[in-house]
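Visitor: Once you've had a glance at the structure underneath, I'll fire off some questions.
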Amino acid sequence: MSVITKVPETKLWNQICEEIESITKVGDGQQLPLEIDYDAAKYTPVFFGPLHKRVLIDGNEDDDFDPSISHPACVGYAFVDRPPELPSPEPPAPPNRQECSPREYLEYYVFPWLLPALEELLRHAKAEKCFDRKRTKFDAVDFLTEYLYKKNPQHQNREEISLADIPFVQEWWTKHPRPPPSKSLVWTEQEAVQILQNFWRGYKVREENAVQELRQWQKECREEKKDIHETVNRFWSDKIPSDNEAEPETSEPGRPDQQQQQQPQQSTSSANAHKDPTASVTPTSGVTNDGCANLANLTVLV
């Protein structure tokens, strides 16, 4: 019976690392990598530095071995000092970008800046776990845009500029606004764990009977008091008359009280004059009581 098996897919980052290891793999006639790439678990410290090659000889290799001057791991190998590094030749002058071929344009004007950006892109992608997850917040196009804008050799003082501060990015986002990213891409693992735990604990607390009863009571209180403002306004509208029911205005708005006080005084004084001409006049009229009496006597004589 045949069995269908599925070969696991090779990750891109592992494939790149395997290619680099195959290039720097130690073998006969090859030199070890630089010190920064040295791993004691893979290489013997004896072979680090000089070039080495295994030599086949007739007889036993251990007969000529002297432990006082050599290491046991060197048996059967010949060592040669590493030749001095020659100075690298000066790069040729770049061709005219207006007249060169597309291949030369890419080699001299595009790849020298694009390849370092791609290497940095792979490092950040690994740090963001892009090779382990299907969805991450890391955007390769945004990273390349910001990196190339900062590393432009024709412009200086761009190291502190972020992607949102680039002028053409701002113009593009103004015409084509981006939707807000989902919370699963914005939150870190620690923040997501804390938020989920808080939500679950709150749900378990709200599930208790005492808490449910309290929430029901709060709901009823809110329903009873939701029209409290209308009730207060209706109460004060009944107690305080409106502006249409105000008292009518007098002929002299400036002195309403004085006019009301003078009207009864004038009516009283006129009634007394008809009853008794000799009645005394109030001092406020400017005539004394003796003057009134003399005026009455004169009237009788006439």
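The values are calculated or read from the model by the stated rules, or taken from the named source; none is laboratory data. As the structure is a prediction and not an experimental result, all values here were calculated from the model. No Cβ is skipped: glycine too gets one built from the backbone with ideal geometry, and neighbour counts run over all protein chains shown. Surface areas here come from the heavy atoms of the whole protein model, side chains and all, with no ligands, DNA or RNA. Shrake-Rupley method; radii C 1.70, N 1.55, O 1.52, S 1.80 Å.
Visitor: List, in order, the whole-Hz ³J(HN,Hα) value for each residue of the stretch 213-223 obtained from phi through the Karplus relation with A = 6.51, B = -1.76, C = 1.60 and θ = phi - 60°; use x for Gly and Pro.
Guide: Going residue by residue, I get 5, 5, 5, 5, 5, 5, 5, 5, 5, 5, 5 Hz, with x marking Gly and Pro.
Visitor: May I ask you to list the GluC sites (Glu not before Pro) in the stretch 158-207 that are in a DSSP loop and have at most 14 other Cβ atoms within 10 Å of their Cβ?
Guide: Counting only loop positions with at most 14 other Cβ atoms within 10 Å, the GluC sites (Glu not before Pro) in the stretch 158-207 are 159, 160, 207.
Visitor: Please state the charge dipole magnitude for the stretch 39-88, taken about the Cα centre, from unit charges on C-beta atoms (+1 on K and R, -1 on D and E), reported in debye and rounded to the nearest 20.
Guide: So the magnitude is around 340 debye.
Visitor: Apply the Karplus curve 6.51 cos²θ - 1.76 cosθ + 1.60, θ = phi - 60°, to the phi angles in the stretch 74-89 and return the couplings in whole Hz, x for Gly and Pro.
Guide: Those phi angles translate into 8, 5, x, 10, 10, 10, 10, 4, 5, x, x, 6, 7, x, 5, x Hz.
Visitor: Let me ask something else about it. Would you mind checking the pairs 126/150; 42/134; 42/129; 129/151; 134/183 and listing those with alpha carbons more than 23 angstrom apart?
Guide: Where the Cα-Cα span goes over 23 Å, the pairs concerned are 42/134; 42/129; 129/151.
Visitor: At R0 = 30 Å, how high is the FRET efficiency between residue 188 and residue 42 if r is their beta carbon distance? Nearest 0.05 is fine.
Guide: Efficiency, rounded to the nearest 0.05: 0.30.
Visitor: If you take the beta carbon distance between residue 99 and residue 168 as r and set R0 to 22 Å, what does 1/(1 + (r/R0)^6) give as a FRET efficiency, to the nearest 0.05?
Guide: 0.20
Visitor: Okay, next question. Could you pull the accessible area for residue 123 with a 1.4 Å probe, rounded to 10 Å²?
Guide: Here the accessible area works out near 130 Å².
Visitor: Oh, and also: Excluding ligands, DNA and RNA, what is the solvent-accessible area per residue of the stretch 137-221 at a probe of 1.4 Å, expressed in Å²? Mind dumping the intermediate values first?
Guide: On the way: 7200 Å² over 85 residues.
Per residue, the stretch 137-221 has 85 Å² of solvent-accessible surface.
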